[in-house]
Amino acid sequence: MQTAAALTMVRDDAFFLKAWLNHYGTLLGRENCYVVNHGRGAAVAELAQGCNIIGIPGDPHKNFDIKRWRLLNGIVQGLRNYYRHVIVGDVDELVVLDPAAGTDLASWLDTVPEKRVLTPLGLEVIHRIDIEPEPIDGPILGPRRHVRPAPHYSKPCVISVPTKIARGGHFTQYDKLHAPEHLYLFHLKFCDFDAYCEVMNRRNATTAETGGTVKDVAIGRHWFAEARGEDRAVFESFAKLQLQGDFNMGPLRKKMHRSFRPRGDTGYYNFDRPDYDTQYLLPERFSGLI
């Protein structure tokens, strides 16, 4: 049985898809990467050559997120019959193993027991436009070294047990929390100002095509123009986050464990997801990793 597969669904997001393909295609081999091509975009098909591409219709739909995660749940459970672990998430989310672990993600997963769900600690890569002028024309980490804690993106996304994943990938019905010390999920939405503006323009257009509003469309609120805010002000605000003296994520993982509990009577499990006003400088060992 193969060690791991990676699965995502994408529509047009070439910037993030390139990063996703470079990361997982290099670590796992493109033959173990599964890309759902929403809308059967030619650019996605070209970029993802060598991967397993699943083309689906791209008609606008108010229940987009519900349909998307229903599909991803089914694919994950099917792939589990052929892989020990299945990594699933949005195209701008990458599971990363800290080089301090002394090995790479694929080799490390080969040592991890099956029949569990792994929850990487979520970190959001932020573009400090005041001190990071370099464009992204290769690796992201290096030109971008600042991250902020993002509990919302501490997602249970490495699956090796039968379980249901909630819409958005934020919760599962697995009743234990496995948050390994060196495992992270890097959310890339804010890693580059120009890329952010381009992606948000497309996502705003997609939600507009549904003809619905934030209240009656099952798509993340952040896809809507009215929830967007002023782009440059969003990025300028990152400078106000308190820079921490060392890269110590242990206390954040302890908070996850202390607050882990059932999510009401839904059958899902969760932990507290507070907003933090802090940021960290990634150690040099992360540079070039994605």
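Details
- Prolate/oblate/rounded call for the chain, Cα gyration tensor, a/c under 1.5 rounded: rounded
- Normalised contact order of the chain, rounded percent, pairs of Cα under 8 Å and 6 or more residues apart: 21
- Environment charge at R30 (Cβ cut-off 14 Å; Lys +1, Arg +1, Asp -1, Glu -1): -1
- Charging the Cβ of each Asp and Glu at -1 and of each Lys and Arg at +1, and nothing else, the dipole of the chain about its Cα centre rounds to 1200 debye.
- Qualifying GluC sites (Glu not before Pro) in segment 230-290, where qualification requires a DSSP coil assignment and no more than 14 other C-beta atoms within 10 Å, comprise E230.
- For the residues N32, N22, N63, a GNM of the chain with alpha-carbon springs under 10 Å puts the largest fluctuation on N63.
- Bridging of K62 to lysines at a Cα separation below 16 Å is possible for K215, once same-chain residues fewer than 8 apart are set aside.
- Net charge in the neighbourhood of P113 (other residues with Cβ under 15 Å of its Cβ; Lys, Arg +1, Asp, Glu -1) is +3.
- Within the same chain, lysines fewer than 8 places from K254 are excluded, and of the rest, those with a Cα less than 19 Å from its Cα are K155, K176.
- Cysteines without a disulfide-compatible neighbour (Cβ-Cβ under 4.7 Å), the chain: C157, C191, C197
- Dipole-positive endmost among Y153, F193, P113 within the chain (Cβ charges, Cα centre): P113
- Local electrostatic count at P162 - Lys and Arg +1, Asp and Glu -1, tallied over other residues with Cβ under 12 Å: +3
- Averaged over its residues, the chain has an accessible area of 45 Å² per residue, based on protein heavy atoms and a 1.4 Å probe.
- The fraction of accessible area contributed by carbon and sulfur in the chain is 49 percent, rounded to a whole number (1.4 Å probe; ligands and nucleic acids excluded).
- Net lengthening on full extension, D104/K240 (0.36 nm per residue, minus Cα-Cα): 45.6 nm
- Annotation for segment 107-167: trypsin sites (Lys or Arg not before Pro) lying in DSSP loop with at most 11 further Cβ atoms inside 10 Å of their Cβ are K115.
- Helical content alone sets the calculated 222 nm signal of the chain at -8000 deg cm²/dmol, taking -39,500 (n - 2.57) per DSSP H segment of four or more residues and averaging over every residue.
The values are calculated or read from the model by the stated rules, or taken from the named source; none is laboratory data. A quick note: this is a predicted structure, and the numbers were derived from the prediction, not measured. Methodologically, a virtual Cβ is constructed for each residue, glycine included, from the backbone with ideal geometry; neighbour enumeration extends over all protein chains shown. Calculation scope for accessible area: heavy atoms of the full protein, side chains included, ligands and nucleic acids excluded. Shrake-Rupley method; radii C 1.70, N 1.55, O 1.52, S 1.80 Å.
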